[in-house]
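Presented below is the structure to which this report refers.
Taken together, the values in this text are just the output of simple stated rules run on the coordinates, not laboratory data. Here the structure is a predicted model, which means the values were calculated and not measured. Glycine also receives a Cβ, built like all others from the backbone with ideal geometry; neighbour counts cover every protein chain displayed.
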Amino acid sequence: MDFSLIIPCYNEEGNIEAFFDEAEKVLDLAPISYEYVFVNDGSTDSTQQRLKELYEKHPNKSITVINFSRNFGKESAIFAGLKNSTGKAVCLIDADLQQHPKTAYQMYRTLVANPELDCVCAYQSKRNEGKLISGIKSLYYKITNSMVETEFKNGASDFRVFTSKVKDAILSLGEYHRFSKGIFSWVGFNTEYVEYEADERNDGATKWSFGRLVKYGIGGIMAFSTAPLKLSAYIGGTATIFSVVYFIVTLIRKFTHNINVDGFTQLVILLTFFGGLILTTLGIIGSYIAKIYEQSKHRPVYIAKEILTRNEDVGNGN
Ligand code: UDP
Ligand code: MG
């Protein structure tokens, strides 16, 4: 199999057939073998019936339908699709035709034509969204990127075509809370960004409310950064230093100006000193928890792209 299309579907009853028709227009003429892996992410409409109809109507097409027992989210749908795909190249594409199968095939061609590439990612430079939302998004990326070890690229979508090597690397990250943007940058590999403009949704409405986006964004930080766990150490450290400085200044003033140190000043010094100590200790505990957290994800220690050796016993080590 040359090419796998992975299509997560959540309440996309009006798009399944249209998507398949559009994809066929492009791929049926292409000189490659290809497959569809549809993942029905617990839709509450007739998406599953539409998928079943499609599956039965085209017995000579390679179609796989995975039907989730409930809505697990797009990240889980992508994971299931990747796990059940067999292509040498894999494409993640939405069902709503905002991302066109024609573009997917172009991206596939780019990938195949450039052996040094491992991944081709569609990149949206212009987006049909308000100034406020796009401002919040770019602020989010600025803050997040200062906290994570690998960069999250603003505008880069899940709409990607990549080799099975990249797929295996992604699947080797077995963590439960999955955040694709982070995972893609974490596994590395040579990625080319190509610009595209998202079309209007073919049918139905977006599943991303503002609240869901915020939750998703916080999840991304939590999955790829342990900085929040250590935050209290910084605040606590600052408070402790402040109280020590304040204490010294008060002492000096007492001896040079012979002022009376009132109870309030003493309280402020003691409170900030012990408050700061407690926060610092919490931050230290947080640093250990961060280590445990990272370890519990069982991520591979490294990902090798290729190994040159004449020794047959040397494996990939992943
Ligand atoms: N999707 C999914 N599970 C979800 C939410 C969305 O599988 O819980 C799918 C959805 O069916 C679509 C893709 O993810 O194929 C992108 O969703 P959507 O079009 O709502 O996002 P947008 O394009 O607005 O960012
Ligand atoms: Mg969409």
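Numerical summary
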item: Inter-label distance, nm, simple model (7 Å from Cα along the C-beta direction), Asp313/Asp21; result: 6.1
item: Which of Tyr196, Tyr302 has the fewest Cβ neighbours within 10 Å, and the rest in rising order; result: Tyr302, Tyr196
item: Ranked Phe242, Phe184, criterion: other C-beta atoms within 10 Å, fewest first; result: Phe242, Phe184
item: Residue-wise HN-Hα coupling along the range 156-172, computed from phi with Karplus coefficients 6.51, -1.76, 1.60 (Hz; x: Gly, Pro); result: 6, 9, 7, 6, 9, 10, 8, 7, 5, 5, 5, 4, 4, 5, 5, 5, 6
item: Mean separation of Cα contacts under 8 Å (6+ apart) over length of the range 1-64, as relative contact order %; result: 46
item: Shape call, the range 56-196: gyration tensor on alpha carbons, a/c limit 1.5; result: rounded
item: Distance from the range 109-143 to the range 157-189 (C-alpha centre basis), Å; result: 15
item: Gain on full stretching of the segment that runs from Leu29 to Val301 - 0.36 nm per residue minus C-alpha separation; result: 93.7 nm
item: Bins of 10 Å from zero: percent of alpha-carbon pairs in the chain; result: 5, 21, 27, 19, 11, 7, 5, 3, 1, 0
item: Theoretical FRET efficiency, 1/(1+(r/R0)^6), r = Cβ-Cβ of Ile259 and Ile235, R0 35 Å, to 0.05; result: 0.70
item: Thr110 versus Leu171: modelled label distance in nm, points set 7 Å from Cα along the beta carbon direction; result: 2.5
item: Likely footprinting exposure, Val26, Val166, fewest C-beta neighbours within 10 Å first; result: Val26, Val166
item: Mean Cβ count within 10 Å, highest first, over the residues of peptides 57-69, 271-283; result: 271-283, 57-69
item: Projected label distance in nm at Arg201 and Val244, using a 7 Å step from Cα toward the beta-carbon; result: 5.6
item: Residues with amide H under 5 Å from that of Asn67, placed H, sequence gap 5 or more; result: Asn40
item: Whole-angstrom gap from the range 199-243 to the range 3-77, using each part's C-alpha centre; result: 32
